[in-house]
Amino acid sequence: MTTESPALTTPRVESRERVTVRFAGDSGDGMQLTGTQFTKTAAVFGNDLATLPDYPAEIRAPTGSLPGVSGFQVSFASTDIRTPGDAPDALVAMNPAALKTNIGDLVPGGLLIVDEDEFSPANLKKASYTTNPLEDGSLAAFQVRPIRITHQNELALADVDLPSQQKFLSRNFYALGVVLWLYGRSLDTTIRWAEEKFGRNPEVLDANLKALHAGHAFGETTEMFHTRYEVAPAPVPPGVYRHISGNEATALGFLAASVKSKLPLFYASYPITPASDVLHELSKLRNFGVKTFQAEDEIAAMGAAIGASYGGHLALTGTSGPGLALKSEGLNLAVMTELPVVIIDVQRSGPSTGMPTKTEQSDLLQAMYGRNGDSPVAIVAPATPSECFGMAIEAFRIALKHMVPVIYLSDGYLGNGSEPWRIPSLDEFADITYSYAEAGEGDFNPYKRDPDTLARNWAVPGQPGLEHRIGGIEKSADNGNISYDPGNHHRMTLARTEKVARVANDIPDLEVTGPDSGDLLVLGWGGTYGAITSAAERARNEGKSVSSAQLRYLNPFPKNLGDVLSRFNKVLIPELNTGQLVVLIRSKFLVDAVPFNKIAGQPFKIAEVQAKIDELLGLREPFEFEFAVPPAIGG
Amino acid sequence: MATTNGTTTNDELELPVLTRKDFVTDQEVRWCPGCGDYAILAQMQRMLPRLRIPKENLVFISGIGCSSRFPYYVETYGFHSIHGRAPTIASGLKTARPELSVFVITGDGDGLSIGGNHMLHVMRRNIDLTIILFNNRIYGLTKGQFSPTSEMGKVTKSSPYGTTERPLNPIRVALAAGATFIARSIDRDTAHLEETLYKAAKHKGVSFVEVYQNCNIFNDGAFAAFADKGVRQDKLLYLEDGAPLRFGAERQHGITLDGFEPRVVEDVSSDDGLVVHDAASRTQNLANILAEMDYPDYPVPVGVFRDIEAPIFEDLIAAQVESARQKSPPNFQDLLNGSETWEVS
C-alpha cells in the first residue's frame with residue numbers, strides 16, 4: 001500500500017554502525033549512477049565505505065530481462081571497514097528481474113524497496129515469475145516497501161517538457177531521493193553533480209532534480225517507513241579526502257610515477273574489460289605529457305610499450321587475463337632485453353573469455369610462469385582500491401631501478417570497487433631513480449651490470465657513442481653480441497633470475513596484522529585484503545589466536561615471509577582461484593599451507609573466511625560455500 | 001641541444017660528415033654467400049650518410065627472419081625483436097621519441113604473415129617510419145617453406161604437392177592500408193635501390209619499400225626472368241614521376257590505358273597517349289593499376305608508386321600534448337583532488 005498523505009508521526013531514528021545498501025535495476029535504469037551518487041554523499045558525510053558494482057557484460061540486454069540486471073552495492077560505516085559488506089541490509093529493486101536476481105542476498109528482515117509499477121504481468125513474465133512476489137507471500141521474511149516510483153516520478157515531472165520515455169529515465173533519481181532521506185543524507189552532492197552534468201540541458205536537469213526532491217519528500221511524508229537510520233561519520237585520520245575507484249587510482253598512480261621520475265608516461269593498450277577505464281583515464285591526461293596509444297591488438301600494445309621503454313620513456317601497457325596471454329611473447333622480449341616496462345593486469349574470471357565483468361585472482365601463475373624459457377619478472381599486487389595508487393608508483397620504482405618488467409596484478413573487484421581516499425602528498429612515496437648509461441672507453445656493453453642490483457646498462461637512442469644492438473636472441477654478457485655459448489646462456493639465465501630475486505632487498509617486509517605468532521595465519525594477496533583482515537580481526541575479538549597478512553609483492557616475496565610463516569601452527573591461504581599462491585608458498589617454503597578457494601566471480605564474504613578459520617581451529621564442521629541459487633535464465 | 005633523453009637535434013648541430021664505413025659494424029655478417037641481403041645492406045650503408053642524420057639518432061628495428069639480422073650490421077642503435085612485431089616496437093619508439101629516425105627491416109613472412117596485422121595499422125596511422133620489406137617469396141631462416149608471397153602451386157618443403165593459396169601483392173597491401181609512400185626496388189639494381197631507399201627515408205610519414213631479394217639457397221632465380229642484367233631493360237618498367245610510362249633498352253615501348261586495362265605498345269615514337277606517372281595523384285587508381293602489372297604479361301614496375309602528404313600520427317599526438325598543456329596547464333595536486341573532496345580535521 002502506498003500513501004501520499006502527510007505523515008502523522010515522525011519515524012524514529014535508529015543508529016547503526018554499518019549499513020549495506022544494494023541498488024538493482026535494469027542496465028538501462030542507471031543503477032551504477034544511483035549507487036555512485038549515494039556513495040559520494042556518504043563519503044562527503046565522512047563515513048568509511050566500500051563499493052561493489054556488479055554489472056552485466058551485455059551493454060543493453062533486453063529491457064526487464066534477468067541477464068540485463070545491473071547492481072551496485074555500497075557499505076558505509078562509522079568505523080573503519082574494508083569490504084563492501086557480505087550481504088545488503090537494504091535492497092532497492094527497480095523491476096521484477098532485479099528483485100529475482102538479488103533477493104537471495106538480502107539479509108533476513110532486511111529492507112526491500114521496489115517499484116511497484118514495474119510489477120506488471122509482462123515484466124513478471126520476463127523475470128520468469130509465475131505469481132507476483134509482492135502478493136504471493138514469498139517476501140514475508142523482509143520488510144517490503146512497495147512504492148509506485150514510476151507513477152509518482154511521472155506526477156512530479158508533470159510540467160516538465162520532455163517525452164514520457166525520457167521522464168521514465170529519472171526514476172532512479174526518485175529512488176535515490178527516497179534512500180537519501182532514509183539514511184538522513186543531504187541532497188547537495190547529487191544536486192551539484194547534476195548541475196554540472198546536465199547544465200547544458202536544462203530540461204533534463206530540471207527533470208532529475210524534480211525527481212530527486214520528490215523522492216526525498218515522499219520519504220518525509222509517507223508513513224511507510226517507521227525507522228530512519230543514522231550512520232555516524234567514521235573516525236578517520238585528518239586530511240583531505242576524495243572518493244576513488246581502483247582503476248582511477250591506478251591511472252593516477254602511474255601518472256604520479258611519471259611526475260616522480262620526470263619521465264614522460266607512454267601507455268599502450270587495447271580495450272578490454274575490466275581494464276579499459278585505465279585507458280580512458282590516462283587518455284585524458286595529454287596536458288601531463290601522457291601519450292596514450294590505442295593499439296590494434298594486445299600484442300601491438302605490448303610491442304609499443306617496449307618501443308617506448310627502449311626510447312627511455314616510462315612505458316606502460318594494461319590489459320586483463322586474456323590480453324596478458326597475448327602479451328606473453330612481447331613480455332618475454334622485455335625480459336630478454338631487460339627493459340623496464342610495467343604491465344597492468346586487471347584480472348577477471350577465466351579461463352578464455354570466462355566472465356569478463358566478474359572478478360578473480362587466477363592470473364598469478366600466468367604472471368609468474370606463463371612464458372617460454374626461464375623468464376622471471378617482478379610482480380606486485382595492490383590490496384585495496386586506493387592502494388592502487390601507491391603500488392603503481394612502486395611498480396615503476398622497481399622496474400626502473402632493477403631494469404626489469406613488472407606485472408601489476410589488480411582485479412575487477414579492486415578496479416571497479418571504490419572507497420574514500422585521503423589524498424596523499426607525493427613526498428609520502430619513495431623516489432623513482434634511474435640512470436642512463438654514459439659513454440666511456442671502448443665499445444659499449446649493454447649487458448654490463450650494476451654490482452648490487454644486477455640491473456643492466458640502459459642506453460637510449462639519441463645518446464652519441466652508445467650505439468648498440470639488443471634483441472630477443474641471447475647475448476654475450478661480455479659485449480652484447482649474439483652468443484650461443486653454453487656457459488654464457490647459463491650465466492645470463494642465472495643473472496636474469498638473480499636480478500629479480502634481488503628486488504627483495506628493495507621492498508618492505510611483510511606486515512602481520514595481529515600477534516606475530518600463534519595458532520593460525522591467514523595469508524592472502526591482492527584484493528582479498530578486506531575480507532581476510534576483517535575475518536581475522538573478528539576471530540581475535542572472539543579470543544582466537546589468528547593473525548593475518550596480505551602479500552603485495554608476489555615476486556620476489558618479502559624477505560621475512562619464511563620467518564613469518566614459521567611462527568604459526570597453521571597457514572590458511574584464501575584465494576579467488578583454485579590455489580595459486582598456495583602452490584608458490586608450498587614449493588618455496590615447504591609449508592603445508594591450507595588452500596581456501598572461491599571461484600564464483602565474486603569476492604570473499606567476511607563470514608566465509610571466518611567460517612573457514614573456525615574450521616581450521618577445530619571449532620566447526622568443514623565449511624561449504626552456499627551460493628545464492630541463480631534464477632533460471634532461458635535462452 | 002640536449003633534451004631529456006640526451007639526444008641532439010639535427011638543426012642545431014654541426015653535422016659530422018659520415019661515410020659508408022661509419023655504418024659498418026664489427027659483426028661478422030652471417031647471411032649465406034650470394035644472398036641478396038648483402039646488396040641491400042651495402043646500399044643502405046651507402047645511402048645513410050646522405051641523410052646527414054647523426055648516427056645516434058638512427059634506429060633499425062627488425063623482426064625475425066634472415067632479413068631481420070640486418071640491425072646487427074648497421075652501426076646505429078638496433079633492435080632485433082620478435083617475429084612480426086617490429087612495426088609495433090617502432091611505433092612505440094617513434095611516438096615517444098619523434099625526433100629519432102626509425103627504420104623497420106622485415107621480410108615477406110615477418111611483415112605480411114605473422115606481422116600482417118601490425119603492417120596494416122602502422123601504415124594506416126602514417127607513423128613516420130621507413131619500412132623495408134625484403135621479399136624473397138620464401139621462408140629462408142626456417143629453411144624453405146612457402147611464404148605469403150610465394151606463387152600459387154609452388155613446390156617447397158612444406159608444399160610438396162604445390163601450394164594451394166594465392167599470394168599477397170605487398171604493394172597492393174600498402175595501397176589498401178593507405179601508406180603515403182610506396183615503392184619497389186630490386187637487390188640487383190644497386191643504383192636504383194640506393195636512390196629508392198633515399199627517397200623513402202626522406203619521405204615524411206610512413207614509407208614502404210618492397211625489395212625483390214634473391215634467396216639463392218631456397219628460391220634462387222625467383223626474379224631472374226625480369227631482374228637479371230641481360231633482360232632487365234626489357235622487363236622492368238622504371239617509374240618516374242611526371243614522365244610517360246616507357247621501357248625497353250631505348251625506352252622504345254610504352255604503356256597506354258584501354259579503359260582500366262594497361263596495354264603494352266611496342267615501338268612508340270611519340271609520348272602521345274602514353275600514361276604519365278603521377279605518384280601524388282588524388283586517387284590511388286593509377287597506383288593500383290601499376291601494382292597489378294606483373295611478369296610475364298607486363299613489364300614489372302619498379303620505383304615510387306605513390307608519394308603523398310598526410311598528417312603524421314606522432315606529430316598529431318605531440319600537438320595534442322602541446323595544446324592540452326596550453327589550455328590546461330598540468331597541476332598534479334588538482335588532478336589528485338578530482339571533482340569532489342572533503343576535509344576531516
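The values are calculated or read from the model by the stated rules, or taken from the named source; none is laboratory data. Owing to the predicted nature of the structure, the values given are computational and were not obtained by experimental measurement. Here the Cβ positions follow ideal geometry from the backbone for every residue, glycine too, while neighbour counts run over all protein chains shown. Ligands, DNA and RNA are stripped out before the accessible areas are found, and what is left, the full protein with its side chains, is counted by its heavy atoms. Shrake-Rupley method; radii C 1.70, N 1.55, O 1.52, S 1.80 Å.
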**Item:** First in segment A:227-238 and without any contact (Cβ under 8 Å) to a residue 40 or more places away in the chain, second anywhere and in a loop (DSSP other than H, G, I, E, B), Cβ under 6 Å, 6 or more apart
**Value:** A:PRO238/B:SER345
**Item:** Of the criteria (1) part of a loop (DSSP other than H, G, I, E, B); (2) closer than 30 Å to A:ALA249 by Cα; (3) away from chain B (no Cβ under 12 Å), which one A:ASN445 fails
**Value:** (2)
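Going by the structure shown, is A:PRO515 open to solvent by 30 Å² or more (accessible area, probe 1.4 Å) and not hydroxyl-bearing (Ser, Thr, Tyr)? Give the derivation first.
On the way: open to solvent by 30 Å² or more (accessible area, probe 1.4 Å): yes; not hydroxyl-bearing (Ser, Thr, Tyr): yes.
Answer is yes for this residue.
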**Message:** Condition (residue is part of a strand (DSSP E or B) and either buried (at least 21 other Cβ atoms within 10 Å of the Cβ) or at pLDDT 95 or above (or both)) applied to segment A:381-403: is it met by at least one residue?
**Reply:** no
**Fill in**
Picked from segment A:410-437 (must be without any contact (Cβ under 8 Å) to a residue 24 or more places away in the chain and part of a loop (DSSP other than H, G, I, E, B)), the residue farthest from the other protein chains (Cβ to nearest Cβ) is A:SER435
**Prompt:** Counting only residues that are open to solvent by less than 30 Å² (accessible area, probe 1.4 Å) and of a type in the set (Phe, Trp, Tyr), which one in segment A:194-236 is farthest from A:LEU182 (Cα to Cα)?
**Reply:** A:PHE218
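Regarding A:PRO340, is this residue modelled with pLDDT under 95 and touching a helix residue (DSSP H, G or I) at 6+ places or on another chain (Cβ under 6 Å)? Can you show your working first?
Values: modelled with pLDDT under 95: no; touching a helix residue (DSSP H, G or I) at 6+ places or on another chain (Cβ under 6 Å): yes.
So A:PRO340 fails the test.
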**Message:** Report every pair of residues separated by at least 6 positions or lying on different chains whose Cβ atoms are under 7 Å apart, first residue within segment B:76-89 and more than 7 Å from chain A (Cβ to nearest Cβ), second of a type in the set (D, E, K, R).
**Reply:** B:HIS83/B:ASP110; B:GLY84/B:ASP110
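Might you check whether a residue that is touching a residue at least 40 places away in the same chain (Cβ under 8 Å) and open to solvent by 10 Å² or more (accessible area, probe 1.4 Å) occurs anywhere in segment A:275-292?
Checking segment A:275-292: at least one residue is touching a residue at least 40 places away in the same chain (Cβ under 8 Å) and open to solvent by 10 Å² or more (accessible area, probe 1.4 Å).
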**Prompt:** When segment A:336-368 is examined, which residues are found to be over 19 Å from A:ALA381 (Cβ atoms), within 14 Å of chain B (Cβ to nearest Cβ) and out of contact with any strand residue (DSSP E or B) (no Cβ under 6 Å at 6 or more places or on another chain)?
**Reply:** A:MET336, A:LEU339
**Request:** Report whether or not B:LEU257 is hydrophobic (A, V, I, L, M, F, W, C), under 31 Å from the mean Cα position of the chain (by Cα) and more than 14 Å from chain A (Cβ to nearest Cβ).
**Result:** yes
**Request:** Please enumerate the residues belonging to segment B:256-314 that are touching a strand residue (DSSP E or B) at 6+ places or on another chain (Cβ under 9 Å) and among the basic types (Lys, Arg).
**Result:** B:ARG263, B:ARG306
**Complete:** Of (1) modelled with pLDDT of 90 or more; (2) hydroxyl-bearing (Ser, Thr, Tyr); (3) touching a Ser or Thr at 6+ places or on another chain (Cβ under 9 Å), A:THR79 fails just (3)
**Prompt:** Within segment A:598-614, can you find the residues that are in contact with a Pro (Cβ under 6 Å, 6 or more places away or on another chain) and open to solvent by 20 Å² or more (accessible area, probe 1.4 Å)?
**Reply:** none
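Given the structure, is A:THR497 in a helix (DSSP H, G or I) and surrounded by fewer than 16 Cβ atoms within 10 Å (Cβ to Cβ)? Explain how you work it out, then say what you get.
Details: in a helix (DSSP H, G or I): yes; surrounded by fewer than 16 Cβ atoms within 10 Å (Cβ to Cβ): yes.
For A:THR497, the condition - in a helix (DSSP H, G or I) and surrounded by fewer than 16 Cβ atoms within 10 Å (Cβ to Cβ) - is met.
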**Residues of segment A:450-489 that turn out to be part of a strand (DSSP E or B) and within 12 Å of chain B (Cβ to nearest Cβ), as a count** = 5
**Message:** So for segment A:313-327 (the condition being farther than 26 Å from A:THR497 by Cβ, of a type in the set (Lys, Arg), touching a helix residue (DSSP H, G or I) at 6+ places or on another chain (Cβ under 9 Å) and not in a loop (DSSP other than H, G, I, E, B)), does at least one residue qualify?
**Reply:** no
**Complete:** The number of residues in segment A:430-469 that are open to solvent by 50 Å² or more (accessible area, probe 1.4 Å) and farther than 30 Å from B:THR25 by Cα is 4
**Fill in**
Scanning segment B:62-81 for residues that are assigned to a helix (DSSP H, G or I) and hydroxyl-bearing (Ser, Thr, Tyr) gives B:SER67, B:SER68, B:TYR72, B:TYR73
**Request:** Check segment A:104-121 and report whether any residue there is at pLDDT below 95 and acidic (Asp, Glu).
**Result:** yes
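Conditions (1) open to solvent by 10 Å² or more (accessible area, probe 1.4 Å); (2) under 19 Å from B:THR196 (Cα atoms); (3) not hydroxyl-bearing (Ser, Thr, Tyr), marked per residue:
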position: B:ILE64; (1), (2), (3): yes, no, yes
position: B:ARG69; (1), (2), (3): yes, no, yes
position: B:ILE82; (1), (2), (3): yes, no, yes
position: B:SER101; (1), (2), (3): yes, yes, no
position: B:ASP128; (1), (2), (3): yes, yes, yes
**Item:** Residues satisfying the stated conditions in segment A:342-371, i.e. open to solvent by 10 Å² or more (accessible area, probe 1.4 Å), farther than 23 Å from A:PRO53 by Cα and not in a loop (DSSP other than H, G, I, E, B)
**Value:** A:LEU365, A:GLN366, A:MET368, A:TYR369
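Every residue, every condition in (1) part of a strand (DSSP E or B); (2) farther than 30 Å from A:ILE299 by Cβ, yes or no:
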{"position": "A:LEU205", "(1), (2)": "no, yes"}
{"position": "A:GLY219", "(1), (2)": "no, yes"}
{"position": "A:ARG228", "(1), (2)": "yes, yes"}
{"position": "A:ASN247", "(1), (2)": "no, no"}
{"position": "A:GLY253", "(1), (2)": "no, no"}
{"position": "A:ALA256", "(1), (2)": "no, no"}
{"position": "A:LEU263", "(1), (2)": "no, no"}
{"position": "A:PHE266", "(1), (2)": "yes, no"}
{"position": "A:THR273", "(1), (2)": "no, no"}
**Request:** Just give me the residues in segment A:266-321 being basic (Lys, Arg) and more than 7 Å from every other protein chain (Cβ to nearest Cβ), in sequence order.
**Result:** A:LYS284
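Of the residues A:LEU581, A:LEU572, A:LEU521, which single one is open to solvent by less than 10 Å² (accessible area, probe 1.4 Å), under 28 Å from A:SER375 (Cβ atoms) and not assigned by TED's automatic domain parsing to the domain that holds A:ALA378?
Numbers: A:LEU572 fails: under 28 Å from A:SER375 (Cβ atoms); A:LEU521 fails: under 28 Å from A:SER375 (Cβ atoms).
None of the others qualify; the one that does is A:LEU581.
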**Asked** What do you reckon, is A:ARG422 outside the structural domain of A:ILE343 (by TED's automatic domain parsing) and in contact with a Pro (Cβ under 7 Å, 6 or more places away or on another chain)?
**Response** no
